[in-house]
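Here, each number is a calculation from the coordinates, and none is a lab measurement. Small disclaimer: the values here were computed from a predicted structure and weren't measured. All Cβ positions, even for glycine, are placed from backbone atoms using ideal geometry, and neighbour counts span all protein chains on display.
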Amino acid sequence: MNILENYNISLKNIKEKKTFDFNLTNDFFSAVESAEISIGNIDVILTVTKKALFFEFLFHLKGNVQIACDRCLELMSLPIKVDKTFTVKLGEEYCDEGDDIIIASNQSEEINIAWLLYEMIALEIPIQHKHSDGECEKAMSDILQNCLVDANNALKKENKETTDPRWDKLKNILDNN
């Protein structure tokens with residue numbers, strides 16, 4: 001059995017309101033084949049409310065994921081907290097009604113929310129993810145610092161060697177005054 005099948009929500013069994021609890025662990029992130037997130041522990045509470053013409057999906061996600069720091073490449077813990085509501089309508093297979101509206105096929109008796117959960121988590125990860133100052137792995141920080149110093153020294157040397165001789169003559173005029 002595919003682990004992602006655990007995230008199927010049966011719409012026909014919901015009479016008024018139903019609550020689902022999930023715990024997203026490393027197995028979940030591995031099953032969705034996430035390149036960025038492979039370690040995590042997130043608790044999910046989903047409340048599905050049946051309305052007259054649609055279903056309201058209220059998600060509450062809270063936990064942590066481990067991602068690589070952009071500076072030192074060591075894993076860092078990133079807290080995740082999401083409260084999001086989606087409207088699920090039954091209709092045509094494809095219909096672009098907006099970001100918070102999901103159209104499920106009329107023939108569909110269930111909807112799989114695994115990819116939706118992953119996307120909500122991925123959107124909480126900042127573009128740049130790095131440790132706070134001083135928390136990066138010491139050896140990598142030292143290597144980066146040495147590279148920056150070497151690059152700055154090389155840039156200064158290159159700037160000295162590639163000056164235009166006409167400017168040098170002008171600088172001499174200023175020095176003589």
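Report the extension gain between Asp27 and Thr47 in nm, rounded to one decimal, defined as 0.36 nm multiplied by the number of residues separating them, less their alpha carbon distance.
4.9 nm
Could you compute the FRET efficiency for Lys12 and Leu58, with r as their C-beta to C-beta distance and R0 at 22 Å, rounded to 0.05?
The value I calculate is 0.70.
Within 10 Å, count the other beta carbons around each residue, average over each peptide in 44-56, 127-139, and list them highest first.
Per-residue mean Cβ counts within 10 Å order the peptides as 44-56, 127-139.
For labels at Asp164 and Glu119 in the simple 7 Å Cα→Cβ model, what's the distance in nm?
Here the answer is 5.4 nm between the modelled labels.
Of Ala52, Leu11, Ile37, which is farthest along the charge dipole of the range 3-122 in the positive direction, counting Lys and Arg as +1 and Asp and Glu as -1 at C-beta?
Sorting the options by dipole projection puts first Ala52.
Between Ile173 and Ser34, what length comes free when the chain is fully extended (0.36 nm per residue of separation minus the Cα-Cα distance, one decimal in nm)?
The span from Ile173 to Ser34 would gain 43.7 nm if fully extended.
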